[in-house]
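The numbers here are math on the coordinates, done by the rules we state, and not lab data. Predicted model only: the values in this text are computed from it and were never measured. Cβ: placed from backbone, ideal geometry, glycine included. Neighbour counts: every protein chain shown.
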Amino acid sequence: DFSYEVSRSLAACEGALLVVDATQGVEAQTLANVYLAIDDDLEIIPVINKVDLPSAQPDVVKEEIEEMIGLDASDAILASGKTGLGVPEILERIVTDVPAPSGDLNAPLQALIFDSVYDDYRGVVLDVRVKDGQVKVGDTIQLMSNGKQFQVTEVGVMSPKAVKRDFLMVGDVGYITAAIKTI
């Protein structure tokens, strides 16, 4: 069960894709995760995947989404990861339906750490969502979990590999390193 990891990741978002397999329908793990997204008041975009398979039943899956989850699936995007069907529509719906991040660029830095990994050379790498303000190399940050302060040594985004940036600002999702040895 990785619901804690899912809930932390969802806390960094304004929207979520509800991807349901057209051959298997809504499963227990799908329900658990979509309810986390609903509880976080995220914009949910239903996507029915694997519609290219002979056993696909997209209309049945739409009904399941509506009956089991309570979401309107009439405009669910029919997709196939194999053929690329629906990908442009998914991207368009993310842009049009998911609200822009909120926050105040001029406020003091506030960031949500939603994951972290240890790197032998850089120390702890924090995956963050900047809620308010901005952060750049040389800034001092304070971890609220233990009150310790650290000087930022690198910031960047994953695209899909780490790409250094000059700063992260409100609404950005990226990473911070600050010579942190443990978290």
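Could you list all residues from the range 150-166 that are among the basic types (Lys, Arg) and surrounded by 15 or more Cβ atoms within 10 Å (Cβ to Cβ)? Before the answer, list the steps.
Residues of the range 150-166 among the basic types (Lys, Arg): 161, 164-165.
Once the filter is applied, which keeps residues that are among the basic types (Lys, Arg) and surrounded by 15 or more Cβ atoms within 10 Å (Cβ to Cβ), the range 150-166 yields only ARG165.
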Give just the number: which of (1) touching a strand residue (DSSP E or B) at 6+ places or on another chain (Cβ under 6 Å); (2) within 29 Å of PRO101 (Cβ to Cβ); (3) in a loop (DSSP other than H, G, I, E, B) does VAL51 not satisfy?
(2)
Residues that are without any contact (Cβ under 8 Å) to a residue 12 or more places away in the chain and over 24 Å from the mean Cα position of the chain (by Cα), drawn from the range 25-68:
PRO54, ASP59, GLU63, GLU67
Looking only at the range 11-58, filter to residues that are surrounded by 14 or more Cβ atoms within 10 Å (Cβ to Cβ) and of a type in the set (Ser, Thr, Tyr); which one of those is farthest from GLN110 (Cα to Cα)?
THR23
From the option list VAL130, VAL124, single residue qualifying as within 30 Å of ASP166 (Cα to Cα), under 15 Å from the mean Cα position of the chain (by Cα), of a type outside the set (S, T, N, Q) and not in a loop (DSSP other than H, G, I, E, B) is VAL130
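Would you please name the residue that is surrounded by the most Cβ atoms within 10 Å (Cβ to Cβ), looking only at residues in the range 104-121 that are of a type outside the set (Asp, Glu) and part of a loop (DSSP other than H, G, I, E, B)?
Per the criteria, the residue is LEU109.
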Filtering the range 59-103 down to residues that are in a helix (DSSP H, G or I), crowded, with 17+ Cβ neighbours inside 10 Å and touching a helix residue (DSSP H, G or I) at 6+ places or on another chain (Cβ under 8 Å) yields ILE69
